[in-house]
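Below is one structure, written out as structure tokens, with a few remarks after it.
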Amino acid sequence: MHSIVTNIAASSYALAAIGFLALGLPVLAGWRGHAQRVTLSIACLITAAWAGALTWNAAAGILWSTPAAVLEVLRDGAWSLFLVALLGHWRRDAVSAGRPSGLTALRPSLLLALAVYLALLVAIVAAGWTGSLLQSFGVPILAGYMGLAVYGMLLVEQLYRNKTIVERWAIKFACLGIGGMFAYDFYMYSNTMLFRELNPDLWTARGVINALTVPLIAASIARRRSWSTSFAVSRRVVFHSAALFGSAVYLLAMGTVGYYLRYFGGSWGSVMQTGFLFGAVCLLGVILFSGSARSWLRVSISKHFYRYNYDYREEWMRFTRTLSGRGPNLGERAIQALAALVESPGGTLWQRGDSGRFEPRARWQGVDGGMAEAADSPFCQFLESTQWVIDLDEYLERPEKYEGLAVPDWLLDMPRRWLVVPLMLQENLFGFVVLQRARSPLQLNWEIIDLLEIAGSQAASHLAQDDAANALMVARQFESFNRMSTFVVHDLKNLVAQLSLMNANAEKHKDNPEFQRDMLETLDHSVQKMKMMLQKLGRTENAEKPLPLALDQVVRQALAMKSAFEPHPELLVEAPGLMVVADRERLERVLGHLIQNAIEATPRNGHVLVRVGRPGGGRADAVEVEITDTGAGMSEEFIRERLFKPFESTKSAGMGIGVFESREYINELGGTMDVRSQPGAGTTFKVVLPLQREQAAATTA
């Protein structure tokens with residue numbers, strides 16, 4: 001049991017030694033003649049030496065030693081000197097006003113304190129103080145320590161009282177930490193004099209108490225410009241140091257509780273101690289690996305220890321690396337980069353599509369919005385005109401701050417929605433990102449909002465460059481397709497030459513059975529090869545002008561061409577006679593391709609339904625063709641990444657341009673094409689086309 005107490009005490013003082021050493025060295029590195037920084041670094045280093053001596057004593061099983069007692073006097077003197085240096089600096093203006101300076105006013109007390117220090121040092125060395133506090137000079141020495149503690153508290157009180165409001169903001173944490181050290185010493189020594197014995201628990205906890213003052217003093221260092229050092233500590237180092245420091249304090253506290261459980265637990269003491277320590281370690285692991293806990297710690301460090309919320313060099317490097325990295329597509333990386341700036345766990349990206357609407361293009365650990373927003377809607381127009389980052393929670397609480405903003409209902413209904421970040425490109429709205437609520441509470445200010453706006457513009461530039469690269473790739477693929485057509489023409493010429501030669505020899509060898517056999521094989525080969533070329537070249541453009549067409553008749557004609565396939569598609573015409581303006585052959589080919597895909601994806605015992613009618617939402621100026629099958633379905637990732645991408649096909653003989661061409665022509669007609677699908681649950685294509693103008697006007701009237 002004694003060894004357990006010794007280990008706890010050694011760990012307690014070792015923690016204090018490490019903390020003050022880490023605090024004093026950076027300050028000492030940038031002293032450059034400044035008295036405040038010199039005295040601060042000396043006080044920190046002497047305190048670290050004092051805590052190290054007590055760590056050695058605890059490991060050796062003794063409470064005190066002469067070196068530790070001497071270092072404690074020096075520690076109290078160093079911190080008192082630091083407080084006097086601060087007080088003299090702030091009272092310097094009094095000299096110019098004809099009043100005595102702070103150092104002059106404190107001169108009698110300084111001389112008295114110096115006398116007490118020297119007397120106490122002489123008494124300690126003369127007594128050879130090694131184990132008990134109450135040998136020969138014990139009571140006077142205790143009184144001397146209490147006097148130093150009282151003097152330190154008086155200096156703290158004088159320092160805090162004789163400063164302005166602005167200076168109090170900078171020094172209050174240092175006063176709290178240093179005053180706390182002196183107050184605890186006074187309490188411990190008064191308790192010792194009262195009970196004539198040093199309390200081991202108070203002595204053991206003293207190291208932790210001193211270690212807890214390190215972050216308080218560090219906070220004042222960060223606030224006080226004159227204490228600044230040339231030794232820059234990054235947020236990452238502070239984050240890991242704080243996590244390590246907090247873990248050490250936590251484990252020390254849990255070890256102390258475990259010790260008392262074993263001490264008072266009787267026969268169950270060891271079991272209770274083991275179970276408690278195991279649970280404490282597991283809880284620490286959960287906290288350390290918790291994203292919310294790490295987020296809270298990062299936000300707290302930036303809020304309390306730094307003037308700005310971000311280390312812009314590090315944040316911009318991380319932002320750029322995320323956008324330029326590998327892994328998910330660029331849209332997901334853009335969301336991830338923006339979310340990291342505000343500790344958001346996910347989000348969704350909307351980007352302007354070929355139809356002119358803003359459609360959900362990517363999501364990173366977020367919910368699928370599933371809704372498109374027109375580019376001329378009030379919401380998009382507000383984003384483009386103001387370029388504001390919208391806090392949706394603030395919008396609901398204070399709508400007058402966003403005058404003229406109309407947020408769509410589908411956006412307000414999204415779970416955990418928080419911020420809308422516009423992606424601006426050359427003063428135009430390229431897209432927007434909806435971020436989820438941060439893991440830990442984050443107070444938005446001008447710095448965060450400005451950073452998000454700039455980061456949004458940078459993300460828009462990357463996305464636009466990626467779109468341009470994809471468009472160039474598609475153009476090159478079409479160029480390759482045109483080159484392939486040249487080879488097809490060459491093959492046709494070879495076939496024509498071969499058939500011409502056969503035709504020339506037919507009259508001469510028509511009665512030869514062997515020639516007849518070769519002729520049939522040649523014809524069969526030529527027919528098969530021409531069929532394959534016709535399938536590849538089935539994109540012949542029709543030069544006829546678009547004409548008014550009855551859409552249900554076009555659908556019937558497309559279905560008639562699929563009558564030989566199984567399952568046989570079913571037709572449901574809810575609104576016959578609706579007219580659209582299009583090229584019959586191209587529109588029939590587009591609808592026929594979608595129907596053919598539905599048939600091929602559906603087993604023979606499945607169903608394919610083609611419906612012609614009005615679209616949902618009460619639109620009277622459009623007509624809808626809905627093609628539904630009960631086939632294998634498609635994943636969301638396949639729809640987003642591959643379905644509408646040209647030259648991407650899952651068929652062995654497919655060229656991957658059918659669905660791409662279909663959507664391009666539908667958009668050319670001013671319509672839209674949407675798809676809903678789930679693996680194993682079938683697919684539904686919806687083609688919405690505008691009615692002929694005269695018919696649409698009559699319907700509206």
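The values are calculated or read from the model by the stated rules, or taken from the named source; none is laboratory data. What you see is a predicted model, and the numbers here were worked out from it, not measured in a lab. Here the Cβ is made from the backbone with ideal geometry for all residues, glycine too, and neighbour counts use every protein chain on show.
Only one of L71, L83, L63 is under 45 Å from the mean Cα position of the chain (by Cα) and at pLDDT below 90. Can you tell me which?
Details: L71 fails: under 45 Å from the mean Cα position of the chain (by Cα); L63 fails: under 45 Å from the mean Cα position of the chain (by Cα).
Going through L71, L83, L63 in turn, the sole match is L83.
Take the residues in region 658-681 that are in contact (Cβ under 8 Å) with a residue 60 or more places away in the chain and not in a helix (DSSP H, G or I), then tell me which one is surrounded by the most Cβ atoms within 10 Å (Cβ to Cβ). Write out each step before concluding.
Here is the first cut: in region 658-681, the ones in contact (Cβ under 8 Å) with a residue 60 or more places away in the chain are 658-659, 661-667, 669, 672.
Now narrow it down to the ones that are not in a helix (DSSP H, G or I): 669, 672.
Values: L669: 18, T672: 23.
So the residue we want is T672.
Taking the numbered list (1) modelled with pLDDT under 85; (2) out of contact with any Pro (no Cβ under 9 Å at 6 or more places or on another chain); (3) surrounded by 17 or more Cβ atoms within 10 Å (Cβ to Cβ) in turn, V625 passes all entries but (1).
Residues are listed down the side, and each one gets a yes or a no for (1) in a strand (DSSP E or B); (2) among the polar types (S, T, N, Q); (3) in contact (Cβ under 8 Å) with a residue 12 or more places away in the chain:
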| residue | (1), (2), (3) |
| --- | --- |
| Q553 | no, yes, no |
| R556 | no, no, yes |
| E585 | no, no, yes |
| I599 | no, no, yes |
| L609 | yes, no, yes |
| V612 | yes, no, yes |
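For the subset of region 527-578 comprising residues that are more than 20 Å from G631 (Cα to Cα) and among the basic types (K, R), which member is modelled with the lowest pLDDT? The residue in question is R539.
Is region 396-406 home to any residue that is farther than 16 Å from L341 by Cβ, buried (at least 19 other Cβ atoms within 10 Å of the Cβ) and touching an Asp or Glu at 6+ places or on another chain (Cβ under 8 Å)? No; the residues of region 396-406 include none that is farther than 16 Å from L341 by Cβ, buried (at least 19 other Cβ atoms within 10 Å of the Cβ) and touching an Asp or Glu at 6+ places or on another chain (Cβ under 8 Å).
Which residues, counting only those in region 198-220, are assigned to a loop (DSSP other than H, G, I, E, B) and without any contact (Cβ under 8 Å) to a residue 60 or more places away in the chain?
We begin by selecting, within region 198-220, every residue assigned to a loop (DSSP other than H, G, I, E, B); these are 198-199.
If the condition is that a residue be assigned to a loop (DSSP other than H, G, I, E, B) and without any contact (Cβ under 8 Å) to a residue 60 or more places away in the chain, then N199 is the only one that fits.
Picking from residues in region 294-342 that are part of a loop (DSSP other than H, G, I, E, B) and among the basic types (K, R), the one that is modelled with the highest pLDDT is R326.
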